[in-house]
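FYI, it's all coordinate maths here, none of it is from the lab. Bear in mind that the values here come from a model prediction, so they are computed numbers and not experimental data. FYI the Cβ positions are ideal-geometry reconstructions off the backbone, even for glycines, and counts take in every protein chain you see.
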Amino acid sequence: MMKKLVWTAIWMIVVGVVGMLFYGFQFDEEEPAVPYELKWAFNADELDQLVINSNYGSVIQFTKSTDGTNHIEIKGNAPSKAINQIKSSTISNKKLEINSKVEKNIGLLHVQLTETSLHHQITVSLSDKAKIDNLKVSADNGNVVLNNVTVRNAEIHTALGGVTLSNLTTNTVRAETDMGMITGSKINGRLYAITGSGNVDIDHMSGDSIILTKSGEVNLFQDYVASAQIGTSVGNVTISLPSRYSGRFDLKTNLGQIKEPKTTGESDQLIKVVSDVGNITVIQR
């Protein structure tokens with residue numbers, strides 16, 4: 001009986017492939033990537049929102065303008081379809097949306113073109129009077145890196161890849177990846193870090209944080225006294241606090257050990273950690 005089912009399944013697959021070929025399904029060849037470089041100039045009060053949508057990752061860096069002008073420069077390697085979409089991007093209503101997502105056709109089906117080896121290099125050069133309030137970055141595949149960025153709010157999401165935050169000053173940053181690591185250093189602001197699968201490693205954190213991972217270790221090093229909420233299904237959690245922390249602890253694990261320092265509980269800060277499987281370690285320096 002089992003052998004009959006297996007041969008039936010194989011026969012159905014063969015019939016399906018023959019049908020696709022018979023009715024003219026075309027499998028597109030992958031379009032080669034070519035180098036490109038584009039630039040947008042703007043006045044100090046002309047732009048306050050930057051949105052980047054891509055099939056692959058982005059490296060974004062803010063720099064101080066040396067000549068008093070403001071501009072955004074993007075360069076890298078990408079298919080010509082993506083480059084044409086980037087060229088069509090313009091600043092409107094104080095918003096610049098750079099959309100380089102393209103689709104690859106397979107007959108009547110559509111799947112997204114994903115090239116993990118490709119990425120955008122984006123440099124934002126601002127004068128003293130200019131600022132960008134909101135930054136939003138979305139990638140299907142690839143890593144997203146923010147370096148020396150100052151914005152009011154930042155939102156980063158990548159489906160498959162890591163997120164790296166370095167020298168970030170913001171009111172709130174939300175970093176999310178379905179599968180990949182989230183790393184950060186010298187973050188000044190409130191942090192939301194969420195990953196479906198991957199470690200979260202945050203160093204020199206100044207501000208409250210919420211960190212969630214279904215599978216992965218969490219390491220948090222706080223420079224200043226702040227609250228933190230951490231949840232993981234499987235993984236160890238290690239938190240390093242400044243010696244002056246005098247808040248409360250709420251630490252729970254279903255399977256693992258808990259180590260925590262003594263505290264007076266006088267301040268309003270709370271360190272809350274929930275883990276299904278994993279050790280929880282809190283230390284004061």
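Packing here is the average count of other Cβ atoms within 10 Å per residue, and on that basis the peptides 48-59, 122-133, highest first, run 48-59, 122-133. Computed from backbone phi, the HN-Hα couplings of segment 64-75 come to 7, 5, 8, 10, x, 9, 10, 7, 10, 10, 10, 8 Hz, rounded to whole numbers (Karplus: 6.51 cos²θ - 1.76 cosθ + 1.60, θ = phi - 60°; Gly and Pro given as x). Packing around the peptides 135-144, 163-172, taken as the average count of other Cβ atoms within 10 Å per residue, puts them in this order, highest first: 135-144, 163-172. Of all aspartates and glutamates in the structure, the ones whose alpha carbon falls short of 19 Å from that of K131, not counting any fewer than 8 places away in one chain, are D45, E46, D48, D67, E73, E97, E155.
For Cα pairs less than 8 Å apart in space and 6+ apart in sequence, what is the mean separation divided by the residue count of segment 146-230, i.e. the relative contact order in percent? Each step should come with its number before you reach the end.
On the way: 261 pairs, mean separation 17.9, N = 85.
Dividing the mean separation by the residue count of segment 146-230 yields 21 percent.
Each residue, V225 and S92, gets one label point 7 Å from its Cα in the Cβ direction; the gap between the two is 5.0 nm.
Let's test the formula: R0 of 51 Å, r as the Cβ-Cβ distance of V277 and E31. What FRET efficiency results, to the nearest 0.05?
0.70
Could you give me D for segment 202-276, from Stokes-Einstein at 4 °C and 1.567 mPa s, where the hydrodynamic radius is the Kirkwood radius over C-alpha pairs? Units µm² s⁻¹, please. In µm²/s, the coefficient is 103.
If R₀ is 41 angstrom, what is the calculated FRET efficiency for the pair E260 and V51, using the beta carbon separation as r and rounding to 0.05?
On the way: r = 42 Å, r/R0 = 1.02.
E between E260 and V51, to the nearest 0.05, is 0.45.
Amide H to amide H distances under 5 Å link I230 with I211, K272, V273, V274, where only residues 5 or more positions off or on other chains count and H is placed in the peptide plane.
From the cross-link list K101/K214; K136/K186; K94/K186; K39/K129; K95/K129, which pairs have alpha carbons spaced over 25 Å apart? Walk me through the intermediate numbers first.
Details: K101/K214 28 Å; K136/K186 20 Å; K94/K186 29 Å; K39/K129 20 Å; K95/K129 17 Å.
Table pairs above 25 Å Cα-Cα are K101/K214; K94/K186.
What value in Å³ per residue do you get for the convex hull of the alpha-carbon atoms in segment 33-284?
Numbers: hull volume 33.1 nm³, N = 252.
Value for segment 33-284: 131 Å³ per residue.
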